Amino acid sequence: MSNRASKRTIIGVTFLVLSIFYTFLFSPYGNIRLIDSFDMLFHLNRIDSLGNILNSPVNFDYWNHVGNITSLFYPWLTISPGYLIFKIFGNPVLSFLIFLTLITFLTFISAYYFMEKYSNDTLQAVLFSIIYTLSFFRLASVFYRVGLAEYISYIFIPMVFYAFAKMLAGEFNKWPLFALGIALIIMTHPLTAFITIVMLIPLVFLVLFSKVSHSWKYWGQLILAGIQAILMVAVAILGFVLPMLEQKRAVTTNRPALLDLTQTAQKPLVLAMNSLHTDVRSYSLGIISLATLLVILLFIWKDKFAYKLVAIEAIIGLVISTSVFPWKYLQDTFFNFLQFPWRFLNLVTFFLAIYLSHILAQLLKKRSPVLKLFVLILTVAACVTQVFISGTNLNRQPSPIESVTAKNGNHYIQSFDQKDYYPVNSLKYSDQLKQHKFLVNNKQASLPFTTTPNIYLVSYYNKDSVKMDIPVLFYKGIDVSINNEKVAPKVSQRGTVQIKTQTGQNNIEISYHYTLIAKFSMLVSIIGLLILILLTMNAGFWKNLTNMVEK
């Protein structure tokens with residue numbers, strides 16, 4: 001085995017050990033404490049309900065059996081490996097922890113790989129990977145808020161900014177990699193994709209100060225690469241966007257909570273003070289990232305242009321994440337979907353990790369290998385200590401409800417109920433739906449029902465025909481049959497399925513199917529993602545082809 005291969009093996013093993021340690025802190029007693037019960041159970045439902053996702057957008061065994069169509073409003077592609085892990089190990093608690101370990105390990109690998117390609121410096125790549133993956137803000141996403149989609153998106157952020165930096169530097173053939181990264185973030189967590197795109201915009205203007213951009217040819221090629229990327233991203237995400245828009249047009253649904261951005265934005269002084277502590281509930285930068293801001297003030301003046309941009313991006317993101325930014329003017333715009341301006345700290349910690357790893361690598365560039373190893377170990381120790389203290393302190397906090405364990409996990413998951421993406425008309429009747437109350441000729445009744453992943457089954461007998469309102473949410477794509485004969489359901493006042501029963505015995509089956517638009521758009525997305533992967537793998541070929549055409 002070559003020295004390079006041996007070095008990468010050691011690095012990989014180190015990352016794996018750190019990932020397992022990270023997970024152990026999250027669940028020190030082999031269970032998951034529901035510090036933030038809603039988000040945890042929400043994502044456990046999302047993962048465990050994917051068993052029939054290729055056949056139906058609804059799994060009646062989950063979301064308290066009311067037919068919630070969350071999968072069409074919240075992308076599921078990148079959490080699907082979690083479902084395979086759930087099925088292999090059976091235990092939802094153990095499976096989630098294994099999935100968490102995998103996500104953390106892939107974040108380490110992605111950060112290391114793309115930083116090494118960008119900097120050609122192994123030490124900087126390792127330092128960046130550790131500082132970024134073990135960053136304090138990511139701790140809050142994992143340990144406290146359990147933002148599954150957000151911390152999966154950490155895997156793809158280094159890919160996006162590496163490709164975009166190369167494009168801005170004149171390597172326009174990197175657009176497929178950029179498009180693939182953006183598409184994967186959108187298919188993981190659209191809000192993180194939105195934040196990422198917002199943070200890309202200043203770079204386009206800042207590159208004006210670089211000599212490489214001082215030609216019309218450069219801008220023509222950059223615009224062409226950008227158009228190609230946008231078109232391919234649009235194709236790749238069509239399978240998520242089009243079915244969602246189709247449903248929203250057919251049914252007015254309840255959106256996630258609308259919050260006052262000015263109120264949820266942190267004050268700069270409060271953010272700084274919280275960063276000095278190890279309480280992840282504060283959603284702050286942490287001591288290491290806070291210290292990096294001081295490092296920027298010391299070194300930015302004589303630094304390379306590329307790293308000046310990194311420092312400026314960190315500062316821009318920091319300002320946007322606080323109450324210094326005039327959020328009140330954006331309250332009634334698309335920005336209100338952010339709910340919390342501190343989400344920008346995701347990208348702030350990313351840029352700060354780049355800058356700190358860069359400065360450390362530069363300071364050690366001509367130093368002995370022993371000193372480099374010592375600083376690397378010290379950095380690992382500092383980050384691990386931050387993780388350990390933060391995780392330990394959080395696990396000492398009283399949990400509002402009992403922990404999810406191997407024995408009660410399935411009960412908690414399948415009985416979990418949430419009102420995001422409910423039909424708006426169903427909201428004021430949510431208690432009735434939660435209790436599975438039927439309405440028979442407008443009178444409440446409790447009827448026996450059974451579910452399979454694809455079908456909701458009700459058996460009902462009455463010598464007369466009655467109007468029955470069934471506690472199953474009504475969305476586009478619903479199918480209802482009575483005694484194996486299809487019937488046309490109506491939307492009830494509760495936003496649920498309403499039918500007219502037959503006289504005598506009624507075997508009622510309710511199911512959902514993907515519409516033609518949904519099926520077509522999903523097929524287009526699969527093709528688009530495959531094309532992007534092929535274009536990314538053959539970037540060198542396309543570069544040579546472009547050069548030949550230009551000659």
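The values are calculated or read from the model by the stated rules, or taken from the named source; none is laboratory data. Note that the structure is predicted; figures quoted are calculated from it, not measured. Please note: Cβ atoms are built from the backbone with ideal geometry, for glycine as well, and neighbour counts cover all protein chains shown. Only protein heavy atoms, including side chains, enter the accessible area calculation; ligands, DNA and RNA are left aside. Shrake-Rupley method; radii C 1.70, N 1.55, O 1.52, S 1.80 Å.
Tell me which of these Asn483 doesn't satisfy, since it passes every other one: (1) surrounded by fewer than 17 Cβ atoms within 10 Å (Cβ to Cβ); (2) within 37 Å of the chain's Cα centre (by Cα).
(2)
Let's see how each residue does on (1) at pLDDT 90 or above; (2) open to solvent by less than 30 Å² (accessible area, probe 1.4 Å):
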position: Thr104; (1), (2): yes, yes
position: Ile109; (1), (2): yes, no
position: Ala125; (1), (2): yes, yes
position: Ile130; (1), (2): yes, yes
position: Tyr151; (1), (2): no, yes
position: Val160; (1), (2): yes, yes
position: Leu177; (1), (2): yes, yes
position: His189; (1), (2): yes, yes
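Taking region 139-160, which residues are assigned to a helix (DSSP H, G or I) and β-branched (Val, Ile, Thr)? Spell out how you get there, then give the answer.
Pass one, region 139-160, residues assigned to a helix (DSSP H, G or I): 139-144, 148-153, 157-160.
Listed by number, the residues that qualify are Val142, Ile152, Ile157, Val160.
Taking only region 1-34 into account, find how many residues are within 22 Å of the chain's Cα centre (by Cα), open to solvent by 40 Å² or more (accessible area, probe 1.4 Å) and at pLDDT below 65.
Summing the residues that are within 22 Å of the chain's Cα centre (by Cα), open to solvent by 40 Å² or more (accessible area, probe 1.4 Å) and at pLDDT below 65 in region 1-34 gives 1.
Find all pairs meeting these conditions: Cβ atoms under 8 angstrom apart; at least six residues apart or on different chains; first residue within region 339-355 and on the phi > 0 side of the Ramachandran plot; second residue assigned to a helix (DSSP H, G or I) and open to solvent by less than 10 Å² (accessible area, probe 1.4 Å).
So the pair list comes out as Gln339/Leu261.
Only residues in region 436-464 that are within 17 Å of Gly504 (Cβ to Cβ) count as the first member; pair them with residues that are among the small types (Gly, Ala, Ser), Cβ under 7 angstrom, at least 6 apart or cross-chain, and list the lot.
Every condition considered, the pairs that remain are Tyr461/Gly504; Lys463/Gly504.
Hey, can you tell me all the residues within region 111-123 that are without any contact (Cβ under 8 Å) to a residue 40 or more places away in the chain and either open to solvent by less than 10 Å² (accessible area, probe 1.4 Å) or not in a helix (DSSP H, G or I) (or both)?
Answer for region 111-123, where residues must be without any contact (Cβ under 8 Å) to a residue 40 or more places away in the chain and either open to solvent by less than 10 Å² (accessible area, probe 1.4 Å) or not in a helix (DSSP H, G or I) (or both): just Asn120.
Can you pull out every residue in region 198-240 that is touching a residue at least 60 places away in the same chain (Cβ under 8 Å) and open to solvent by 40 Å² or more (accessible area, probe 1.4 Å)? Give the steps one after another, and end with the answer.
Pass one, region 198-240, residues touching a residue at least 60 places away in the same chain (Cβ under 8 Å): 198-199, 202-203, 206-207, 209-210, 232, 235-240.
Result: Phe209, Val235, Leu238.
Residues are listed down the side, and each one gets a yes or a no for (1) open to solvent by 20 Å² or more (accessible area, probe 1.4 Å); (2) among the hydrophobic types (A, V, I, L, M, F, W, C):
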site: Leu245; (1), (2): yes, yes
site: Lys248; (1), (2): yes, no
site: Thr262; (1), (2): yes, no
site: Pro268; (1), (2): yes, no
site: Ala272; (1), (2): yes, yes
site: Ser275; (1), (2): no, no
site: Ser289; (1), (2): no, no
site: Thr292; (1), (2): no, no
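Looking at Leu285, Leu318 in this structure, which one is assigned to a loop (DSSP other than H, G, I, E, B) and buried (at least 21 other Cβ atoms within 10 Å of the Cβ)?
Values: Leu318 fails: assigned to a loop (DSSP other than H, G, I, E, B).
Answer to the selection: Leu285.
Is it the case, given these coordinates, that Tyr355 is part of a helix (DSSP H, G or I), among the hydroxyl-bearing types (Ser, Thr, Tyr), within 29 Å of Tyr151 (Cβ to Cβ) and at pLDDT 95 or above?
Working: part of a helix (DSSP H, G or I): yes; among the hydroxyl-bearing types (Ser, Thr, Tyr): yes; within 29 Å of Tyr151 (Cβ to Cβ): yes; at pLDDT 95 or above: yes.
Yes; evaluated as a whole, the condition is true for this residue.
Taking Ile53 as the residue in question, decide whether it is β-branched (Val, Ile, Thr) and more than 30 Å from Tyr412 (Cα to Cα). Walk me through it before giving the result.
Working: β-branched (Val, Ile, Thr): yes; more than 30 Å from Tyr412 (Cα to Cα): no.
The answer is no for Ile53.
Search region 501-516 for residues that are farther than 13 Å from Val58 by Cβ and free of Cβ contacts under 8 Å to residues at least 40 places away in the same chain and pair each with any residue that is β-branched (Val, Ile, Thr) and outside any loop (DSSP other than H, G, I, E, B) when their beta-carbon atoms are under 7 Å apart and the residues are at least 6 apart or on different chains.
Close Cβ pairs (under 7 Å, with a partner that is β-branched (Val, Ile, Thr) and outside any loop (DSSP other than H, G, I, E, B)) amount to Gln502/Ile482.
How many of the residues in region 486-525 are of a type in the set (Val, Ile, Thr) and loosely packed, with under 13 Cβ neighbours inside 10 Å? Step through it out loud before you land on a result.
Keep residues of region 486-525 that are of a type in the set (Val, Ile, Thr), which gives 487, 491, 496-497, 499, 501, 503, 508, 510, 515, 517, 524.
Still in the list and also loosely packed, with under 13 Cβ neighbours inside 10 Å: 503.
Residues in region 486-525 being of a type in the set (Val, Ile, Thr) and loosely packed, with under 13 Cβ neighbours inside 10 Å: 1 in total.
Give me a count of the residues in region 35-78 that are of a type in the set (A, V, I, L, M), open to solvent by less than 20 Å² (accessible area, probe 1.4 Å) and under 19 Å from Leu238 (Cβ atoms). Working first, answer last.
Residues of region 35-78 that are of a type in the set (A, V, I, L, M), as a first pass: 35, 40-41, 44, 47, 50, 53-54, 58, 66, 69, 72, 77.
Applying the additional criterion that residues be open to solvent by less than 20 Å² (accessible area, probe 1.4 Å) yields 40-41, 44, 47, 50, 53, 58, 66, 69, 72.
Still in the list and also under 19 Å from Leu238 (Cβ atoms): 53, 69, 72.
Counting residues in region 35-78 that are of a type in the set (A, V, I, L, M), open to solvent by less than 20 Å² (accessible area, probe 1.4 Å) and under 19 Å from Leu238 (Cβ atoms) gives 3.
Considering only residues that are of a type in the set (A, V, I, L, M), open to solvent by less than 50 Å² (accessible area, probe 1.4 Å) and either at pLDDT below 75 or in contact with a helix residue (DSSP H, G or I) (Cβ under 7 Å, 6 or more places away or on another chain) (or both), which ones fall in region 386-439? Walk me through it before giving the result.
First, pick out the residues of region 386-439 that are of a type in the set (A, V, I, L, M): 387, 389, 394, 401, 404, 406, 413, 424, 427, 433, 439.
Keeping just the survivors that are open to solvent by less than 50 Å² (accessible area, probe 1.4 Å) gives 387, 394, 404, 413, 433, 439.
Hits for region 386-439 are Val387, Leu394, Val404, Ile413, Leu433.
Among the numbered criteria (1) in a helix (DSSP H, G or I); (2) of a type in the set (Asp, Glu); (3) surrounded by fewer than 18 Cβ atoms within 10 Å (Cβ to Cβ), which one does Asp332 miss?
Just one mismatch for Asp332, condition (1).
Of all residues in region 335-352, how many are open to solvent by 50 Å² or more (accessible area, probe 1.4 Å) and at pLDDT 90 or above?
Selection size over region 335-352: 0.
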